[in-house]
Amino acid sequence: MQFQQLQYFVAVAETRHFTRAADLVHVAQPSLSQQIKALERELGADLFLRARGNITLTDAGEALLPLARRILADADTARHEVQELVQLRRGRVRLGATPSVCTGLLPDVLRAFHDRYPGIQLLIEEGGSHDLVRELARGALDLALVVLPLPTPSPALTTVELLREDLVVVSSPEAPRPGGGRRTVRIADLEGERLVMFRHGYDLRELTVAACRAEGFEPDFAVEGGEMDAVLGFVRAGLGVAVVPRMVAARSGRGLRVTPLARPGLHRTIALAHRSDVAPPRAARELQRMLLER
């Protein structure tokens, strides 16, 4: 008994038509009929009652049908399981993340993932949450690390909260301490400070500007339009101060003074997002697990 013969048998049983069954399994109708006859010879019983325009199952066919379906389903499961294992030896994960998350959270997790699965190619796309949500929706990313709340909430995405992170003020050690030298800085103390500001589309830009406006003033930009590394470099050069995630400030090394924000401060929530209608590939699910368990 051949696996292919069972496929042909189930196709005929479901369509009750040899020609339509042949089209369904992409084989010529005479070949399909020959394989069904060979199966019947091997089993020693007819599987179909053949009358012009009317194909029905015999008792033997009725008995074989659930068994054949189970065999085919088990074969599909076996194929799927093997492919899942293969995906952890080679393949790729397409991960989107905001630039600050790339700088602060991802390096350690990606190093651990690469050490464990060296054959998996990691493709990282940096962008704002709005851009990453769009790329997820069109299938260009498997996973994305985004800032909540999403700029345009989408029921087609599933999000899992990863961490809630404090924001801090960074400045050059050679410049006057923001806030008049106090150990913490209020948002109101940033009035009159020259800010180094991220480009449009950065979640941190929108959050900082909104916080300043809530205190009744428009922020004064010394320079704007930079990515994370550029902003930190401009601050080190003494061009102004910036509001950045605590994790980024901690990894930025020397050359920056870090001042916490006074309570209630500013915070952001990082979440892991993926499409709700499509399960991520096995390798992406493994990276997801490592991110959630970090």
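The values are calculated or read from the model by the stated rules, or taken from the named source; none is laboratory data. In this text, all values refer to a predicted model and were calculated from it rather than measured experimentally. Here the Cβ positions follow ideal geometry from the backbone for every residue, glycine too, while neighbour counts run over all protein chains shown. We work out accessible area using only protein heavy atoms, side chains counted, and drop any ligands, DNA or RNA first. Shrake-Rupley method; radii C 1.70, N 1.55, O 1.52, S 1.80 Å.
Computed in the context of the full set of protein chains, the accessible area of the range 159-277 at 1.4 Å probe radius has 47% of its extent on carbon or sulfur.
Note: relative contact order over the chain, using C-alpha pairs below 8 Å and six or more positions apart, is 21 percent. With a Förster radius of 30 Å applied to the beta-carbon distance between Gln34 and Thr58, the computed FRET efficiency rounds to 0.95. Placing +1 on the Cβ of every Lys and Arg and -1 on the Cβ of every Asp and Glu, with nothing else charged, gives the range 176-217 a dipole about its Cα centre of roughly 180 debye. Summarise the accessible area of the range 22-110 (1.4 Å probe, protein heavy atoms) by the percent that is carbon and sulfur. Looking at the range 22-110 in its full context, I get 53 percent from C and S. Relative to its residue count, the chain spans a Cα convex hull of 170 Å³ per residue. Less than 10 Å Cβ to Cβ from Asp108, Lys/Arg counted +1 and Asp/Glu -1: what total charge do the surrounding residues give? Overall, the nearby charge balance is +3. Computed from Cα atoms, the angle from the helix 106-116 axis to the main principal axis of the chain rounds to 40 degrees.
Ranking Val258, Thr56, Ala222 by Cα position along the charge dipole of the chain, where only Lys, Arg, Asp and Glu carry charges on their C-beta atoms, puts Val258 farthest toward the positive end. In this structure the range 178-294 gives 49 Å² per residue of accessible area when probed at 1.4 Å with all protein chains present. Restricting the range 32-61 to trypsin sites (Lys or Arg not before Pro) that sit in a DSSP loop and have at most 11 other Cβ atoms within 10 Å of their own Cβ leaves Arg52. Between Arg182 and Arg70, full extension at 0.36 nm per residue minus the direct alpha carbon distance yields a gain of 33.1 nm.
Ranking Pro281, Ala237, Ala211 by how far each Cα lies toward the positive end of the dipole of the range 203-294 (charges on Cβ) leaves Pro281 at the top.
What dipole magnitude, in Debye to the nearest 20, does the chain give about its Cα centre under +1 on Lys/Arg Cβ and -1 on Asp/Glu Cβ?
Numbers: 38 positive and 36 negative charges, 83 e Å.
With only Lys, Arg, Asp and Glu charged at Cβ, the dipole is about 400 debye.
Skip the ligands, DNA and RNA, and give the accessible area per residue of the range 1-132 with a 1.4 Å probe, whole Å². The answer is 57 Å² per residue. Estimated from helices alone, the mean residue ellipticity of the chain at 222 nm is -13500 deg cm²/dmol (sum of -39500 (n - 2.57) over DSSP H runs with n ≥ 4, per residue).
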